[in-house]
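One structure below.
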Amino acid sequence: MNPTVKVIEPSGILNAINGNEIRREITYLISTGADIVLIDFENVNFIDSSGLGALVASMQAVKQENGELFICSVNAQVKMIFELTKMDRLFKVFANRDEFNTQVLATQ
C-alpha cells in the first residue's frame, strides 16, 4: 500500500500565527486521509517558541491518527534552535526532499 503524502511549505518566520495555521492545516490533511506529512522548511528563516509549540501539537495530532510527520530543508539557524531545544530528537529531520524520498518513501 502506498502512503498518502502531503507537503506543507511555510515561509518566513514560524511564530504563533503561522504555527497555528500550520497546525490546522496538518490536522485537516490527516483527517482527510494523509498518512505522512512533510513540512518543508526551505523558505523558513526563523522559528520562535510558539512555532515550536505548534510543531509539537501537530506531531501529537498526527500520531493520534497513526500518521507520521517529518521535516526537511532546515537552514542553519532553525537547525540550531532545534538542537538547543532538543526538538531534533523529537522530529525526524531530513536535509532535503530527496533525502526524505530516499529514506522514507523508498522503504514504504
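Per-structure values
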| item | result |
| --- | --- |
| Residues LYS86 and ILE13, FRET efficiency given R0 of 22 Å [Cβ-Cβ distance, rounded to 0.05] | 0.55 |
| Local net charge near GLY67, Cβ-Cβ under 15 Å (Lys/Arg +1, Asp/Glu -1) | 0 |
| Relative packing of 31-42, 89-100, which averages over residues the other C-beta atoms within 10 Å, highest first | 31-42, 89-100 |
| Candidate values (1) 16.4; (2) 13.7; (3) 15.1, label of the one derived for Kirkwood radius over Cα pairs in Å | (2) |
| Sequence-distant residues sharing a close amide H with THR4 (under 5 Å, placed H) | ASP35, ILE36 |
| Helix-only [θ]222 nm of the chain, DSSP H runs n ≥ 4, -39500 (n - 2.57) each, per residue, nearest 500 | -14500 deg cm²/dmol |
| With every protein chain in place, the chain: carbon and sulfur % of accessible area (1.4 Å) | 46 |
| Heavy-atom surface of the stretch 1-91, accessible at 1.4 Å and reported per residue (Å²) | 55 |
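The values are calculated or read from the model by the stated rules, or taken from the named source; none is laboratory data. Keep in mind it's a predicted model, so treat the numbers as computed, not measured. For neighbour counting, all protein chains shown are included, and Cβ atoms are generated from backbone atoms with ideal geometry for every residue, glycine included. The area values use the complete protein model at the heavy-atom level, side chains included, leaving out ligands, DNA and RNA. Shrake-Rupley method; radii C 1.70, N 1.55, O 1.52, S 1.80 Å.
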